[in-house]
Amino acid sequence: MKDIIELLRSRGYKMTPQRRTVIKALFECGKFPTAQDILEYAKTINPDMGLDTIYRNLNLLTEIGVLNIINIKSRDVSVFEVVTNHHHHLICLDCGQMECLDYCPIAGDSEKMAEEKEFKIVGHSLEFYGYCCKCQAS
Ligand SMILES: [Zn+2]
Ligand SMILES: [Zn+2]
Ligand SMILES: [Zn+2]
């Protein structure tokens, strides 16, 4: 948590009480919290917290590369994960179990192509769907 706060400071971002609460929530809400989980936790510290504030801060953390957004299409929800290295996930369509996969197939080409369209990429998301070993067995 300290590392994230220091990184934000070194990039010139102010450490507001709300921002600190969102970061704390990310560490306290279990492995893959949704924005709603984070909001509920944040409200126990600061009842004025709203979903807008949560998303603003989550987007910022994603942009500086310390947070992963994982889209679970089968549940129509996004979950968040604090990361030290960029990676992707295996998601079971049956039980919803997620596993980290220390791999990224996306190379610098996409950035170059986006640059030609004058688009600046700040992140990407990629999920692998299938069935975990437990669900394959049943
Ligand atoms: Zn499963
Ligand atoms: Zn992961
Ligand atoms: Zn990647």
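Derivation of every value follows stated rules applied to the coordinates shown; laboratory data play no part. The shown structure was predicted, so the numbers you read here are calculated from the model rather than taken from an experiment. When we count neighbours, we look across all protein chains shown, and the Cβ atoms used for this are built from the backbone with ideal geometry, even at glycine.
Pick out which of Glu111, Glu81, Glu99 has the largest mean-square fluctuation in a Gaussian network model of the chain, springs linking Cα atoms closer than 10 Å.
In this elastic network of the chain, the residue with the biggest mean-square fluctuation among Glu111, Glu81, Glu99 is Glu111.
Amide H neighbours of Leu101 under 5 Å, at least 5 residues apart or on other chains, H built in the peptide plane: list them.
His88, His89, Leu90
Quick one: what are the phi-derived ³J(HN,Hα) couplings along the stretch 39-47, Karplus 6.51/-1.76/1.60 with θ = phi - 60°, whole Hz, x for glycine and proline?
4, 4, 5, 4, 5, 5, 8, 9, x
With just the Cα atoms defining each centre, how far is the stretch 1-49 from the stretch 58-137? Give it in Å.
Spelled out, the Cα-based centre of one part sits 20 Å from the other.
If a cysteine in the chain has no other Cys Cβ under 4.7 Å from its own Cβ, put it on the list, ordered by number.
Unpaired cysteines in the chain: Cys29, Cys95, Cys100, Cys104, Cys133, Cys135.
Which one of Lys43, Lys112, Lys31 has the biggest mean-square fluctuation once the chain is modelled by GNM with Cα springs under 10 Å?
It is Lys112.
Return the sequence-ordered ³J(HN,Hα) values of the stretch 77-86 in whole Hz as given by the Karplus equation 6.51 cos²θ - 1.76 cosθ + 1.60 applied to θ = phi - 60°, using x for Gly and Pro.
8, 10, 10, 10, 8, 6, 10, 9, 10, 5
For the stretch 117-123, in order, what is each residue's ³J(HN,Hα) by Karplus, 6.51 cos²θ - 1.76 cosθ + 1.60 with θ = phi - 60°, in whole Hz (x at glycine and Pro)?
Ordered by residue, 3J(HN,Hα) equals 8, 6, 10, 9, 7, 10, x Hz.
Would you pull out the residues with amide H under 5 Å of Cys132's amide H, same chain only if 5 or more places away, H placed 1.01 Å from N?
Distant-sequence amide H within range of Cys132: Leu93, Asp94, Cys95.
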